[in-house]
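Bear in mind these aren't lab numbers, they're just calculated from the coordinates by the rules spelled out. Bear in mind that the values here come from a model prediction, so they are computed numbers and not experimental data. Note: ideal-geometry Cβ built from the backbone for every residue, glycine included; neighbour counts use all protein chains shown.
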Amino acid sequence: MTRPKPRLIAVEGVDGASVIAAARRAVDAPPRGGISHWDASGVFQDLVVAEAAAGKPSPRTLLLLYAADLAFRLRWEIRPALAEGRTVVAAPYVETAIAFGRAAGIPAGWLTNLFRFAPRATERRFATMALRRSGKDVDGFVGFVCERMEGGTEGRTSQRIAKAANTLLRRAASREMSSRRPKRR
């Protein structure tokens, strides 16, 4: 019997509900696998219970925490499953964090260096959406960090950062789709 080929599927997006739905669809497709969710380490839940005196973290601090959480996910969830030949869906993976960072004004080089440790996904899927105009725009990683980060990041509001991150992911999805199209001769 042949061993299944391991696959790492990255599902990227600003809206957590859309990302989870896309991740579930990816897991339901054969060969079955599992989902690795952000905050598997619980580091972001620690932010929820932190006292107000702790202050609000900067976008860089939030990205460092995401990288630490991703390292945890890779060590305890993703790499062991891949070593067993299983499919793993990372929801979200690297692109979502990079889009948040770029939207918050973090230089691309800093972000590239930060996530250099993460292996390239076998496949990428994007769960982009049209953001609502009123109320809470997004949930998931981007919504969570936008609600908790220090305000006034270079004049950007959290709502604008979420919208800008969504736009960056839409562009990445477009590039991904155009690179899959067969070239005309």
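Extension gain residue 157-residue 116, at 0.36 nm per residue separation less the Cα-Cα distance, in nm?
Values: separation 41, 0.36 × 41 = 14.76 nm, distance 2.82 nm.
Taking residue 157 through residue 116 to full extension adds about 11.9 nm, to one decimal.
Please sort by residue number the trypsin sites (Lys or Arg not before Pro) in the stretch 1-88 whose DSSP state is loop and whose Cβ has at most 14 other Cβ atoms within 10 Å. Kindly include the intermediate steps, with their values, before the conclusion.
On the way: sites: 7, 24, 25, 32, 60, 73, 75, 86; in loops: 32, 86.
Filter output for the stretch 1-88: 32.
List the chymotrypsin sites (Phe, Trp or Tyr not before Pro) in the stretch 6-100 that DSSP assigns to loop (not H, G, I, E or B) and whose Cβ has at most 15 other Cβ atoms within 10 Å. Which are they? Intermediate values should be presented prior to the final figure.
On the way: sites: 38, 44, 66, 72, 76, 93, 100; in loops: 38, 93.
Within the stretch 6-100, no chymotrypsin sites (Phe, Trp or Tyr not before Pro) qualify (loop, at most 15 other Cβ atoms within 10 Å).
Taking the Cβ-Cβ separation of residue 64 and residue 176 as r and a Förster radius of 30 Å, what is the calculated FRET efficiency to the nearest 0.05?
On the way: r = 27 Å, r/R0 = 0.89.
According to the calculation, E is roughly 0.65.
Using alpha-carbon pairs under 8 Å, 6+ residues apart, how would you state the relative contact order of the stretch 10-178 in percent? Present the calculation step by step, with values, prior to reporting the outcome.
Numbers: 235 pairs, mean separation 65.7, N = 169.
Computed value for the stretch 10-178: 39 percent relative contact order.
Give me the mean projected area, in nm² to one decimal, of the convex hull enclosing the Cα positions of the stretch 10-178. Show your work: numbers first, answer last.
Values: hull surface 40.2 nm².
Mean projected area of the Cα convex hull: 10.1 nm².
So if each residue of separation counts as 0.36 nm, and I subtract the Cα-Cα distance between residue 147 and residue 43, what length gain in nm does that give?
On the way: separation 104, 0.36 × 104 = 37.44 nm, distance 1.58 nm.
Here the answer is 35.9 nm.
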